[in-house]
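Only one structure is covered here, and it is reproduced in the block below.
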Amino acid sequence: MADHTLRLLILGAHPDDAEFHAGGLAAIYRSLGHEVRMISLTNGAAGHHWRSPEELVELRRKEAAAAGAIIGATYLTWDHPDGELLPTLEVRRQVIREIRTFRPDLLLTHRTCDYHPDHRAVGQVVQDASFMVIVPHIVSEVPALRSDAVVAYMPDGFTKPTPLQGDVVIDVGQQIETIVEMLCAHRSQVFEWLPYTRGIENQVPEDETERRAWVRDWYLAHIRPTADRYRKQIVATYGETRGQQIEYAEVYEISEYAAPLDEAARQRLFPFLP
Ligand SMILES: [Zn+2]
């Protein structure tokens with residue numbers, strides 16, 4: 001166990017967002033004995049083409065819990081409607097309560113420029129909650145915090161209005177197999193729904209080992225371009241030799257609306273970086 005246990009909170013829109021975007025950092029935190037709590041704000045009821053919404057809510061709650069169990073993380077799904085999440089006051093208050101109760105040192109979420117309206121809504125709610133968590137008269141039944149967490153945006157490839165800034169770059173080459181295992185826990189997604197959305201559902205292998213390898217290839221194709229896109233920042237962090245060799249990286253942008261990542265915070269939250 002670490003001598004000072006940190007708390008990492010990942011607020012995503014759907015069950016599977018946390019590990020898809022930040023599974024490497026979550027796995028590293030757990031391997032260092034830190035606490036990781038992953039939450040999907042929506043119930044995941046829209047993520048399928050033939051399973052009923054009612055079935056999906058229960059199924060995806062179990063899939064998420066199984067994914068979290070792989071690294072020893074708590075994984076919750078809230079009950080907001082999938083595909084129709086809005087950054088309402090009600091959701092903001094719920095997030096403020098969550099942040100005040102769990103007291104994360106580091107909070108990861110989506111950016112507000114993202115293809116999915118649910119992702120944008122979560123990013124907006126976290127941004128709106130960030131300062132409010134220290135205001136005692138807001139959600140007054142839960143004691144206010146004295147300071148914000150560091151909030152970071154999970155990697156994405158969107159470029160308008162601006163690409164994600166690589167403030168923190170992390171080599172996740174050692175965590176790839178764990179991330180893939182977590183993704184494979186979301187069976188209704190990686191073997192059914194996501195292939196359907198890409199029109200390749202007939203390419204999913206029948207055999208369990210083969211289909212896991214198939215998901216692994218898909219995930220690697222997704223994450224591989226990140227390292228080259230942020231090579232400059234990776235080399236600045238890891239040095240020329242190792243930096244050029246890193247194949248798989250997660251990058252994070254620090255929100256300017258919450259606590260700053262000064263040098264002390266960087267060493268405290270990312271002690272595994274050189
Ligand atoms: Zn999502």
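The values are calculated or read from the model by the stated rules, or taken from the named source; none is laboratory data. These numbers come from a predicted model, not from an experiment. Heads up, the Cβs are rebuilt from the backbone with ideal geometry, glycines too, and the neighbour counts pull from every protein chain shown. Accessible surface areas use protein heavy atoms only, side chains included; no ligands, DNA or RNA. Shrake-Rupley method; radii C 1.70, N 1.55, O 1.52, S 1.80 Å.
Rolling a 1.4 Å probe across the protein heavy atoms gives the range 22-123 an accessible surface of 39 Å² per residue. Determine, from the Cβ-Cβ distance of Asp228 and Thr159 and an R0 of 22 Å, the FRET efficiency 1/(1 + (r/R0)^6), rounded to the nearest 0.05. So, using R0 = 22 Å, E works out to roughly 0.90. Could you list the GluC sites (Glu not before Pro) in the range 223-274 that lie in coil according to DSSP, counting only those with at most 16 other Cβ atoms within 10 Å of their Cβ? Sites meeting the loop and neighbour criteria: Glu247, Glu256. Under conditions of 4 °C and 1.567 mPa s, the range 125-274 yields 71 µm² s⁻¹ as its translational diffusion coefficient, taking Rh as the Kirkwood radius over Cα pairs in the Stokes-Einstein equation.
When the alpha carbon gyration tensor of the range 1-105 is reduced to an equivalent ellipsoid, its three semi-axes come out at 25, 17, 9 angstrom, largest first.
For the range 13-112, the fraction of 1.4 Å probe accessible surface lying on carbon and sulfur atoms is 52 percent.
For the range 200-274, the relative contact order comes to 23 percent (Cα pairs under 8 Å, sequence separation of at least 6).
Averaging the Cα positions of each part gives two centres, and for the range 202-253 and the range 152-189 these lie 9 Å apart. Taking the charge dipole of the range 21-74 about its Cα centre, with +1 at Lys and Arg Cβ atoms and -1 at Asp and Glu Cβ atoms, the residue from Leu25, His48, Thr74 reaching farthest to the positive side is Leu25. Think of each Lys and Arg Cβ as +1 and each Asp and Glu Cβ as -1; about the Cα centre, that makes the dipole of the range 105-147 roughly 100 debye.
Magnitude of the Cβ-charge dipole of the range 190-273, K/R +1 and D/E -1, about the Cα centre, nearest 20 debye?
Result for the range 190-273 is approximately 340 debye, rounded to the nearest 20.
GNM on the chain, alpha-carbon springs under 10 angstrom: the most fluctuating residue among Val139, Val251, Val150 is Val139. Straightening the chain between Ala221 and Tyr196 buys 7.2 nm, computed as 0.36 nm per residue apart minus the Cα-Cα spacing. Site pair Leu32 and Leu86 shows an inter-label distance of 4.0 nm when each label is modelled 7 Å from Cα along Cα→Cβ. Taking the accessible area of the range 116-274, probe 1.4 Å, and keeping the other protein chains in place, the carbon and sulfur fraction comes to 50%. Potential lengthening of the chain between Ala66 and Phe131 amounts to 20.1 nm, from the contour at 0.36 nm per residue minus the alpha-carbon distance.
Taking the chain as a Gaussian network of alpha-carbon nodes connected by springs under 10 Å, the highest mean-square fluctuation of the residues Thr209, Thr237, Thr109 belongs to Thr209.
Think of each Lys and Arg Cβ as +1 and each Asp and Glu Cβ as -1; about the Cα centre, that makes the dipole of the chain roughly 560 debye. Under the criterion of Cα pairs below 8 Å and six or more residues apart, the relative contact order for the range 1-65 equals 36 percent.
How many Å² of accessible area per residue for the range 147-198, probe 1.4 Å?
Each residue of the range 147-198 exposes 40 Å² on average to a 1.4 Å probe.
Remark: relative contact order (the range 104-159) = 45 percent; criterion is Cα-Cα distance under 8 angstrom and separation of 6 or more residues.
Which one of Trp218, Trp50, Trp78 has the biggest mean-square fluctuation once the chain is modelled by GNM with Cα springs under 10 Å? Sorting by GNM fluctuation, first place goes to Trp50.
A viscosity of 1.002 mPa s and a temperature of 20 °C, combined with the Kirkwood radius over Cα pairs in Stokes-Einstein, give a translational diffusion coefficient for the chain of 112 µm²/s.
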